[in-house]
1. I'm told Pro102 meets every condition in (1) touching a helix residue (DSSP H, G or I) at 6+ places or on another chain (Cβ under 8 Å); (2) more than 18 Å from Leu4 (Cβ to Cβ); (3) assigned to a strand (DSSP E or B) except one. Can you identify the failing condition by its number?
2. Output the number of residues of the stretch 110-122 satisfying the condition of being out of contact with any Gly (no Cβ under 6 Å at 6 or more places or on another chain) and either hydroxyl-bearing (Ser, Thr, Tyr) or closer than 12 Å to Cys22 by Cα (or both).
3. So, of the residues in the stretch 87-109 that are under 21 Å from Lys43 (Cα atoms) and loosely packed, with under 15 Cβ neighbours inside 10 Å, which turns out to be nearest to the chain's Cα centre (by Cα)?
4. Please go through the stretch 70-86 and give me each residue that is surrounded by fewer than 14 Cβ atoms within 10 Å (Cβ to Cβ) and free of Cβ contacts under 8 Å to residues at least 60 places away in the same chain, ordered by number.
5. Keeping to the stretch 44-60, report how many residues are surrounded by fewer than 16 Cβ atoms within 10 Å (Cβ to Cβ) and without any contact (Cβ under 8 Å) to a residue 12 or more places away in the chain.
Amino acid sequence: QVQLVESGGGLVQAGGSLRLSCAASGRTFSRFAMGWFRQAPGKEREFVAADSGSTTHYADSVKGRFTISRDNAKNAMTLQMNSLKPEDTAIYYCAAKGWGGPYYLEVDYDYWGQGTQVTVSS
């Protein structure tokens, strides 16, 4: 088992930045590939970014604006979000899965945090 807790969400104006964090506890963090997903009101949860150890993966909608990173020594992952847009408004979830792709499928992730709200005003 691994427990995941997100933090860092909030309200920001369009064009601003936020940094989300995901703290992990339980099983060895380095054994897992990590991802970020988001769910906007009335929409299905969608892939945002993933760290598969040697490679990072991004949804086209956030490529060039968001950066995922992890620190295995601290059992932590972050999502730096720049140039935020109103359409980035959603609940953001961190998730963990075993190694092996693909990394964009929600169904492949075994562990989930409770989510943190990000609201971008226009």
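1. Here Pro102 meets the rest and fails (3).
2. The qualifying residues number 8.
3. So, considering only residues that are under 21 Å from Lys43 (Cα atoms) and loosely packed, with under 15 Cβ neighbours inside 10 Å, the one nearest to the chain's Cα centre (by Cα) is Leu105.
4. Passing the criteria: Asp71, Ala73, Lys74.
5. The total comes to 4.
No value in this document is a laboratory result; all are computed from the given coordinates. These figures come from a predicted structure and were not determined experimentally. Methodologically, a virtual Cβ is constructed for each residue, glycine included, from the backbone with ideal geometry; neighbour enumeration extends over all protein chains shown.
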